[in-house]
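Below is one structure; the comments refer to it alone.
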Amino acid sequence: MSLIKSISGIRGTIGGKVNDNLTPLDVVKFASAFGTWLQNNKNKKDLTLVIGRDARISGQMVSSLVASTLQGLGINVVDLGLSTTPTVEIMVPELKADGGIILTASHNPKQWNALKLLNDKGEFISGENGAEVLALAENEDFDYAEVDDLGKYETRDDAFDIHIKQILDLPTVDVEAIKAKKFKVVLDAVNSTGGISIPPLLEKLGVEVVKLYCEPNGQFPHNPEPLKEHLGDICELVIKEKADMGIVVDPDVDRLALVDEKGEMFGEEYTLVAVADYLLKDKKGVAISNLSSSRALRDVAKGLDSEYFASAVGEVNVVTLMKEKNAVIGGEGNGGIIYPELHYGRDSLVGVALFLTHLAKENKTVSELRATYPSYFMGKKKIELTPEIDVDALLVKVQEEYKNEEISTVDGVKIDFAENWVHLRKSNTEPIIRIYTEAFSQEEADKLGDDMIAKIRSLI
């Protein structure tokens with residue numbers, strides 16, 4: 001089964017059987033559920049939704065199904081066509097729309113697609129609202145419009161221009177400082193919409209762009225998750241082109257990874273660290289990431305007389321805590337930058353502009369900048385348990401074992417030791433505990449995970 005229904009939407013593989021995969025009928029059902037939910041919760045007759053898609057092969061088909069379904073409910077549709085997740089998020093409030101749907105499976109391979117659901121602020125809907133949408137989809141209680149009441153359909157081709165202008169207008173983006181450096185960068189956009197959104201931004205910043213996999217045809221040339229093992233081509237090209245750095249984004253452009261001038265990964269976790277370093281130097285405040293993100297952000301924030309807090313895993317949870325703490329900057333260790341001065345969503349475009357400003361002002365190479373941050377290494381392991389084991393009770397036992405350490409139970413159990421940490425999260429679908437660790441070396445991080453597995457086994 002490759003259909004995953006979650007609070008933020010639905011994703012699955014294209015083709016196959018209804019309710020098992022993301023078939024046309026499933027697309028129509030969930031678009032109907034979200035449209036109906038909006039109609040039930042809005043005190044107005046004419047609703048408008050903004051939609052946009054990444055460049056994956058199934059995108060046009062899925063987009064057409066969603067647009068027609070919404071029109072069938074009597075909802076007006078503004079279609080941005082090929083777009084990015086942050087661009088759709090920006091355009092919802094820009095157009096005073098009632099919500100949005102982003103058609104993207106993010107970093108998943110090309111056979112996947114998804115419907116991601118936005119409220120009228122251009123932010124992902126809450127868990128409670130998502131559960132209500134899923135319940136409507138389950139009951140299939142839809143009331144479609146009669147012919148005279150069908151929704152209107154229009155397209156917009158200025159969304160990238162609007163998004164880029166808002167970024168360039170930010171006081172924290174120093175266009176002249178970047179231009180003065182005459183940076184040269186290589187961009188790997190995995191043949192999706194980063195290839196048509198980031199180059200116009202870079203050109204306005206006076207940056208020379210060498211394009212790699214920037215044709216938005218949905219034929220991903222490598223695994224689209226921006227991890228080191230998938231990025232050999234750009235690392236080589238950065239050296240060959242004598243570029244100042246490399247920029248890598250995922251298909252929907254909400255995750256940003258960087259490559260230094262030596263062709264080495266800057267570290268996905270450190271995109272947020274570097275941007276926070278820049279912003280908190282000028283404005284003391286709060287930085288937020290999730291519990292499974294690097295401790296380096298906490299270290300940098302505290303070093304700049306600022307505060308750090310960690311949320312449960314998930315962008316919705318990060319945003320909720322950022323609003324609660326009035327954070328200056330936040331995001332996730334997967335390269336997701338959330339800058340509230342622009343909007344509450346992960347945004348690689350604003351991440352690029354802020355990082356380049358920081359780089360220009362520091363007058364360092366990318367590798368020199370990276371060397372100024374503490375180096376941590378992360379490990380990921382899991383322990384599979386038999387179905388009869390009570391995973392929740394087992395996590396309580398672990399918590400009791402380490403009661404003298406700093407512990408968070410916001411999302412599973414996280415144990416903060418003096419020089420490293422372990423985060424345990426249970427799977428919602430199978431008897432598995434996922435184990436995330438971080439330490440000053442890869443060997444230590446991996447050993448920490450192995451030791452925790454041994455401890456868990458001793459408690460069963």
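With (1) out of contact with any strand residue (DSSP E or B) (no Cβ under 8 Å at 6 or more places or on another chain); (2) hydroxyl-bearing (Ser, Thr, Tyr); (3) at pLDDT 95 or above as the list, and Thr386 as the residue in question, which single condition is left unmet?
(3)
Which ones in the range 200-212 are surrounded by fewer than 22 Cβ atoms within 10 Å (Cβ to Cβ) and in a loop (DSSP other than H, G, I, E, B)?
The one that is surrounded by fewer than 22 Cβ atoms within 10 Å (Cβ to Cβ) and in a loop (DSSP other than H, G, I, E, B): Gly206.
So which residues in the range 356-378 are in a helix (DSSP H, G or I) and either in contact with a Pro (Cβ under 8 Å, 6 or more places away or on another chain) or not hydroxyl-bearing (Ser, Thr, Tyr) (or both), if there are any at all?
If the condition is that a residue be in a helix (DSSP H, G or I) and either in contact with a Pro (Cβ under 8 Å, 6 or more places away or on another chain) or not hydroxyl-bearing (Ser, Thr, Tyr) (or both), then Leu356, His358, Leu359, Ala360, Lys361, Glu362, Val366, Glu368, Leu369, Arg370 are the ones that fit.
Just checking, which of Gly59, Gly72, Gly52, Gly35 is among the small types (Gly, Ala, Ser) and surrounded by fewer than 20 Cβ atoms within 10 Å (Cβ to Cβ)?
Only one candidate qualifies: Gly72.
Say we look at the range 302-321 and pick out the residues that are farther than 22 Å from Ile435 by Cα and out of contact with any Gly (no Cβ under 9 Å at 6 or more places or on another chain); which of these is surrounded by the fewest Cβ atoms within 10 Å (Cβ to Cβ)?
So, considering only residues that are farther than 22 Å from Ile435 by Cα and out of contact with any Gly (no Cβ under 9 Å at 6 or more places or on another chain), the one surrounded by the fewest Cβ atoms within 10 Å (Cβ to Cβ) is Asp305.
Residues that are more than 24 Å from the chain's Cα centre (by Cα) and assigned to a strand (DSSP E or B): does the range 379-391 have at least one?
Yes: the range 379-391 contains one or more residues that are more than 24 Å from the chain's Cα centre (by Cα) and assigned to a strand (DSSP E or B).
Tell me yes or no: at least one residue of the range 20-40 is more than 20 Å from Gly151 (Cβ to Cβ), among the small types (Gly, Ala, Ser) and either touching an Asp or Glu at 6+ places or on another chain (Cβ under 8 Å) or not assigned by TED's automatic domain parsing to the domain that holds Asp252 (or both).
No, there is no match, as no residue in the range 20-40 is more than 20 Å from Gly151 (Cβ to Cβ), among the small types (Gly, Ala, Ser) and either touching an Asp or Glu at 6+ places or on another chain (Cβ under 8 Å) or not assigned by TED's automatic domain parsing to the domain that holds Asp252 (or both).
Which one of Glu269, Glu236 is of a type outside the set (Val, Ile, Thr), surrounded by fewer than 19 Cβ atoms within 10 Å (Cβ to Cβ) and assigned to a helix (DSSP H, G or I)?
Glu236
Looking for whichever is of a type in the set (D, E, K, R) and touching a Lys or Arg at 6+ places or on another chain (Cβ under 6 Å) here; the options are Lys397, Lys364, Lys382. Which one fits?
Answer to the check: Lys382.
Would you please list the contacts, defined by Cβ atoms under 8 Å and residues six or more apart or on different chains, that run from a residue in the range 225-245 that is under 15 Å from Tyr213 (Cβ atoms) to a residue that is crowded, with 16+ Cβ neighbours inside 10 Å and aromatic (Phe, Trp, Tyr)?
Short answer, once both residue conditions are applied: Asp233/Tyr213.
Can you find even one residue in the range 308-318 that is modelled with pLDDT under 95 and assigned to a strand (DSSP E or B)?
No, the range 308-318 contains no residue that is modelled with pLDDT under 95 and assigned to a strand (DSSP E or B).
Whether any residue in the range 402-419 is surrounded by fewer than 19 Cβ atoms within 10 Å (Cβ to Cβ), part of a loop (DSSP other than H, G, I, E, B), in the same structural domain as Ile435 (by TED's automatic domain parsing) and in contact with an Asp or Glu (Cβ under 8 Å, 6 or more places away or on another chain) is what I want to check.
Within the range 402-419 (the criterion being surrounded by fewer than 19 Cβ atoms within 10 Å (Cβ to Cβ), part of a loop (DSSP other than H, G, I, E, B), in the same structural domain as Ile435 (by TED's automatic domain parsing) and in contact with an Asp or Glu (Cβ under 8 Å, 6 or more places away or on another chain)), the answer is yes, since at least one residue qualifies.
Mind counting the residues in the range 362-409 that are of a type in the set (A, V, I, L, M), in contact with a helix residue (DSSP H, G or I) (Cβ under 7 Å, 6 or more places away or on another chain) and farther than 13 Å from Lys426 by Cα?
Selection size over the range 362-409: 4.
Return yes when Val253 is hydrophobic (A, V, I, L, M, F, W, C), crowded, with 22+ Cβ neighbours inside 10 Å and either closer than 23 Å to Leu168 by Cβ or at pLDDT 95 or above (or both) and no when it is not.
In short, yes.
May I ask you to list pairs of residues, at least six apart or on different chains, whose Cβ atoms are under 9 Å apart, with the first in the range 121-142 being β-branched (Val, Ile, Thr) and the second being in a loop (DSSP other than H, G, I, E, B)?
Going by the 9 Å Cβ cut-off, the qualifying pairs are Ile125/Ile7; Ile125/Ser8; Ile125/Asn119; Val133/Ile7; Val133/Ile125.
The values are calculated or read from the model by the stated rules, or taken from the named source; none is laboratory data. For clarity, every value in this text was computed on a predicted model and none was experimentally measured. Positions of Cβ are generated from backbone atoms using ideal geometry, with glycine treated the same way; all protein chains shown enter the neighbour counts.
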